[in-house]
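Q: Just passing along the structure, written as structure tokens.
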Amino acid sequence: MHNLIRILLIAACMPGIARARAFQQADTLRTLRLDELIRETRSANPDVAASRLAAEAMATRREQVTALPDPMVMLNVQPFPVYTARGTQAAQLRVEQPIPFPGKLGLMGEMADLSAEMATYATETLVDNLTLQVKLAFFELYRLQQHERLIHEFMSTLQDYESVAVTQYEVGRGMQQAILKAQLERNTLSKQLLDLSWQRKSQLQSLAKFVDRPVAPDTSFSLDIGQTEGLSLSEGRLVSVAIESRPELESLRTSRTRADASESLAKKSFYPDFGVNVTYFNITKADMPPSADGRDALALGLSVKIPLQRGKLHSRLQETRLEQMRIDSNIESFAAQLETRIGDLSNRVRDDAQQLTLYRDALIPQAETTLEATLSAYTTGRTDFLNLLDAERVLFNVRMGYEDVVVRYRKSYAMLERELGVTSLQEANHQSDF
């Protein structure tokens with residue numbers, strides 16, 4: 001009889017194996033890859049495109065701010081004649097070119113270049129943020145897919161066990177309770193699948209927003225979890241890499257340089273601007289005196305714009321210095337927060353790595369050994385169906401927990417990469433060699 005039960009279990013499991021393989025084959029019909037999604041986000045995301053265009057627009061400002069001010073043309077017509085020694089003066093035409101104090105235009109051009117550079121860093125920051133969001137969405141989708149796979153496999157096993165329980169019940173060697181318990185378990189799993197399906201569609205909509213194209217709700221996902229490199233750098237070295245790589249810090253440093261240029265420009269505002277002009281006098285002939293031959297006249301002039309409102313200028317200079325202090329405070333605050341976040345994330349990555357090792361080396365093997373022992377005891381009649389079902393459920397929950405930790409580890413890893421401002425921690429490890 002024991003051999004009969006063993007044969008029944010093996011025969012019942014064969015359809016489940018076939019169904020699991022069919023599910024895995026169907027699951028690989030369509031594949032999204034993380035690296036491809038990141039490339040699409042960087043190239044096709046409309047927010048990234050808009051930010052890049054804004055940076056390009058900022059880059060055109062140098063020519064605008066370094067050009068000389070437009071010249072002024074003045075025409076004076078005199079309805080009442082003004083008599084001069086050369087004749088009657090009818091009109092004056094004057095052209096004047098303002099000239100800022102030397103160095104002002106150069107500083108304004110430097111500030112424009114620095115503003116364009118800051119816009120470029122803003123684009124890099126946006127790309128890094130979107131890349132992190134794509135990674136997090138992708139890893140969550142991977143978790144949902146792995147849960148779906150494990151649930152399908154468990155449901156197939158339950159269906160096989162239910163067939164065995166029905167056979168035993170029909171021959172009078174089993175309890176109806178075993179059949180009902182297996183059915184209840186399968187219905188509970190069906191509800192979980194419905195919940196996962198809804199979550200999957202929601203995550204796909206988020207992912208589609210990043211890549212700016214629809215993603216089919218039945219799309220599957222390929223992700224190589226096992227190739228992630230562990231942390232080999234100390235926390236202090238990680239902070240150093242972040243300080244060298246984060247575009248936000250680069251933007252703050254550029255902003256500080258721009259504030260220095262703004263201070264220099266404010267100091268030059270205390271010096272006068274100039275103007276050169278040419279005036280043409282239209283003279284007509286007159287009867288007297290004899291020298292009034294109507295010959296036109298020309299005059300050259302120099303104008304000086306005197307900065308008399310010294311209070312306004314001092315206020316502007318003080319504003320630039322306060323702006324320098326504000327940026328210095330922002331840099332210090334950002335660096336301190338960065339150190340805290342890197343410390344927290346590096347600890348999380350190491351803790352998750354330890355948990356993964358615990359699952360692989362202890363929990364999963366122990367759950368599998370327990371199931372094998374329970375199955376052996378069940379086939380020899382030393383335990384009942386409910387204990388076998390509990391052993392299957394324990395292994396199922398352990399495998400689900402493992403997938404949760406895998407995804408949590410990858411999310412923490414991705415967030416740490418974002419804090420470092422690098423594409424991958426391998427890049428950070430490479431930077432540490434120099």
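Taken together, the values in this text are just the output of simple stated rules run on the coordinates, not laboratory data. Here the structure is a predicted model, which is why all the values come from computation and not from measurement. Cβ placement follows ideal geometry from the backbone for every residue including glycine, while neighbour counts extend to all protein chains displayed.
Q: Determine, from the Cβ-Cβ distance of Asp47 and Thr84 and an R0 of 41 Å, the FRET efficiency 1/(1 + (r/R0)^6), rounded to the nearest 0.05. Please report the intermediate quantities before stating the final value.
A: Working: r = 68 Å, r/R0 = 1.66.
It comes out at approximately 0.05.
Q: Please give, to one decimal in nm, the separation of the simple spin-label points placed at Lys312 and Leu358, each 7 Å out from Cα toward the Cβ.
A: That separation, rounded to one decimal, is 6.9 nm.
Q: Which one, Thr279, Leu249, Leu265, projects farthest toward the positive side of the charge dipole computed for segment 238-299 from Cβ point charges (K/R +1, D/E -1)?
A: Going by the charge dipole, the pick is Leu249.
Q: Between Arg213 and Ala57, with labels modelled 7 Å along Cα→Cβ, what's the label distance in nm to one decimal, could you check?
A: Going by the 7 Å Cα→Cβ label model, 2.8 nm.
Q: Please enumerate, by chain and number, the lysines with C-alpha under 16 Å from the C-alpha of Lys181, excluding those fewer than 8 residues away in the same chain.
A: Leaving aside lysines fewer than 8 places away in the same chain, those within reach of Lys181 are Lys191.
Q: Here's something else I'd like to know. Leaving out same-chain residues fewer than 8 places away, which lysines sit with a Cα under 16 Å from that of Lys104?
A: Straight-line reach from Lys104, under 16 Å: Lys267, Lys268, Lys305.
Q: Can you tell me which aspartates and glutamates have their Cα less than 12 Å from the Cα of Lys201? Leave out same-chain residues fewer than eight positions away.
A: Correct list for Lys201: Glu140, Asp218.
Q: Take each of the peptides 262-274, 90-102, average the number of other beta-carbon atoms within 10 Å over its residues, and list them starting from the highest.
A: Working: 262-274: 16.9, 90-102: 15.4.
Top to bottom by mean Cβ count within 10 Å: 262-274, 90-102.
Q: Compute, for segment 33-186, the length of the dipole vector about the Cα centre, with Cβ point charges of +1 (Lys, Arg) and -1 (Asp, Glu) only. Units Debye, rounded to 20.
A: On the way: 15 positive and 20 negative charges, 108 e Å.
For segment 33-186, the charge dipole is close to 520 debye.
Q: Related question: What ranking of Tyr413, Tyr121 emerges when the number of other C-beta atoms within 10 Å of each C-beta is taken as an exposure proxy, fewest first? Provide the component values of the computation, followed by the final result.
A: On the way: Tyr413 23, Tyr121 20.
The order, fewest Cβ neighbours first, is Tyr121, Tyr413.
Q: Once the Cβ-Cβ distance between Gln97 and Ala336 is put in as r, and R0 is 45 Å, what FRET efficiency do you end up with, to the nearest 0.05?
A: On the way: r = 51 Å, r/R0 = 1.14.
In this case the efficiency is close to 0.30.
Q: May I ask you to order 71-80, 181-190, 401-410, 416-425 by the average number of other C-beta atoms within 10 Å around their residues, highest value first? Don't skip to the answer; put the middle values down first.
A: Working: 71-80: 9.8, 181-190: 15.5, 401-410: 19.3, 416-425: 20.9.
Most protected by this proxy first, the peptides run 416-425, 401-410, 181-190, 71-80.
Q: Output ³J(HN,Hα) for segment 128-144: one whole-Hz value per residue in order, computed from phi by the Karplus curve 6.51 cos²θ - 1.76 cosθ + 1.60 with θ = phi - 60°, and x for Gly and Pro.
A: 5, 5, 5, 4, 4, 5, 5, 4, 5, 5, 5, 5, 5, 5, 4, 4, 4
Q: To continue, here is another question. Using alpha-carbon positions, what is the distance between the centroids of segment 295-351 and segment 246-289, in Å?
A: 19 Å
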